[in-house]
1. If R0 is 22 Å, what FRET efficiency do you get for residue 412 and residue 2 from their C-beta distance, rounded to 0.05?
2. Can you order the peptides 236-243, 84-91, 6-13 by their average number of other Cβ atoms within 10 Å per residue, highest first?
3. Which whole-number percent is the relative contact order of the chain (Cα, under 8 Å, 6+ apart)?
4. Quick one: 3J(HN,Hα) in Hz for the stretch 431-436, Karplus 6.51/-1.76/1.60 with θ = phi - 60°, rounded, Gly and Pro as x.
5. Need the list of lysines near residue 447 for cross-linking: C-alpha distance under 18 angstrom, and skip anything on the same chain fewer than eight residues off.
6. Hey, which lysines would be in cross-link range of residue 362, C-alpha to C-alpha under 21 Å, not counting anything within fewer than 8 residues on its own chain?
7. Considering only protein heavy atoms, what is the solvent-accessible area of residue 426 at a probe of 1.4 Å, reported in Å² to the nearest 10?
8. Which residues does the label zone of residue 15 cover in the stretch 419-434, counting backbone N under 14 Å from a point 7 Å along Cα→Cβ?
Amino acid sequence: MTQAEIKLCSLLLQEHFGEIVEKIGTYLIRTGAQPLRMIVNDTGLLLDQVKKALCVLIQHNLVTYQLQKRGFVEYEAQCKRVLRILRYPRYIYTAKTLYNDTGELVVEELLLNGKMTMSAVVRKVADRLTETMEDGKTMDYADVSNTFVRLVDTHFVQRCPLVPETPETPEAPPAPAPTLVINEKDMYVVPRLNLVGKGKRRRSCDEEENGEHKAKKQKQDGESSEPPPDDSIYWQVNIDRFHQHFRDQGIVSAVANRMDQTSSEIVRTMLRMSEVTTSSSAPYTQPLSSNEIFRSLPAGYNIVKQVLDQYLTLLADDPLEFVGKSGDSGGGMYTVSILCGFGSRCARIFRLLLRKKHLEQKQVEDFAMIPAKEAKDMLYKMLSENFVSLQEIPKTPDHAPSRTFYLYTVNILSSARMLLHRCYKSVANLIERRQYETKENKRLLEKSQRVEAILASMQATGAEDAQLQEIEEMITVPERQQLE
């Protein structure tokens, strides 16, 4: 754990959850797993504050807990999960792209709340969508529910683990902490809920003060006191599935750049067919037959079976090996290679250098069984990308090339750490810079917001252009430049 990572995690926790949660989260990141008593003693916070902060962190999957053999519970921060907060906007935008505004709000609500029941998500999203609609129009619960089911079917949303149902006995005391479990086959099973209703708009202040409305509200509150049918089933965003989608999009884009749009559409179809059946960490997708791929191509995509087979052969023969052939049944069985960067031959050289540590170019050619020209090109390509490094060992003090060994070796870990460290440091710097600029220009930003509010109000009442221009001139030219 580098200082740059810890600092970035601290800034993210403070920005999203406040100072108390940030203090406890940062403490756990620095110290590792700790029991509740140590957290209270070392942070100097009240026991109640620590408990509430831990609840928030656990609710958002930023802290996990584990019951130790000696009977006490330890809490451990998940640093990588905290850093995923940076990608929340991308997850939300992806959901909007795939499932429109409803999908966007479903994912946003789950990310904002950590874990929610399906019925709560549907009601909240329906209300938010109704707020944006024209008067007289409302969002039906059934429409939101259908989008939620589609997100679950494509594994973008999954069930949270539950406390197993065990019969309570007076002799056995309750465990200090529950053990959460879930069957993998149940993670994407949606309960049958009859969610009937429409989204509601917020009431105005006058309506809230009306006695009749208060009576209605009390009646509604009384009716809603009964727990919903899915009270114990909670859902969360499946972050790994979003990362799998980003990776698939990258592969499709790489194929389009390497070959053409038709090739990328074929690979996209193969990835879409196996997106739910292939693990996000698997090196290859499930084998798909040529006939299955042909039937699954998008409707209206004019490509005959013979042309498809030619494209699949070209993709399989390409040196980068985006697509591999794994059999001949069903017109040929094909897979998409997910761990693809420089191609399988470069991967062979890379594995060889990892195993042998130091090799000359001739040794690389012989051991990898690759022609000299190709091996030389691949080594130079990986050298330019800092995946391998070149070490000179002279036989004589004059460093003459003819009397010097040139050994290739792998430095991937140091390169990866350097790049990752720079990324963490850059993001932390950006957050701190934004906070500083906001604080330094607080007066100007507030003035700009006031002027915009006045302009919007005057435009709504039909003010003349001269009046609007006069209001705009309240912000001087230097101030406007500073705002930009």
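The values are calculated or read from the model by the stated rules, or taken from the named source; none is laboratory data. Please read these numbers as outputs of a predicted model, since none were measured by experiment. Cβ placement follows ideal geometry from the backbone for every residue including glycine, while neighbour counts extend to all protein chains displayed. Only protein heavy atoms, including side chains, enter the accessible area calculation; ligands, DNA and RNA are left aside. Shrake-Rupley method; radii C 1.70, N 1.55, O 1.52, S 1.80 Å.
1. On the way: r = 17 Å, r/R0 = 0.79.
Result of the calculation: an efficiency of 0.80.
2. Values: 236-243: 18.9, 84-91: 15.9, 6-13: 21.8.
Answer by packing, highest mean first, reads 6-13, 236-243, 84-91.
3. Values: 527 pairs, mean separation 48.9, N = 484.
The normalised contact order for the chain reaches 10 percent.
4. After applying 6.51 cos²θ - 1.76 cosθ + 1.60, I find 5, 5, 5, 4, 4, 5 Hz.
5. Counting by Cα, and skipping residues close in sequence, residue 447 has these lysines nearby: 439.
6. 373, 376, 381, 395
7. Surface accessible to solvent at residue 426 totals approximately 60 Å².
8. 424-434
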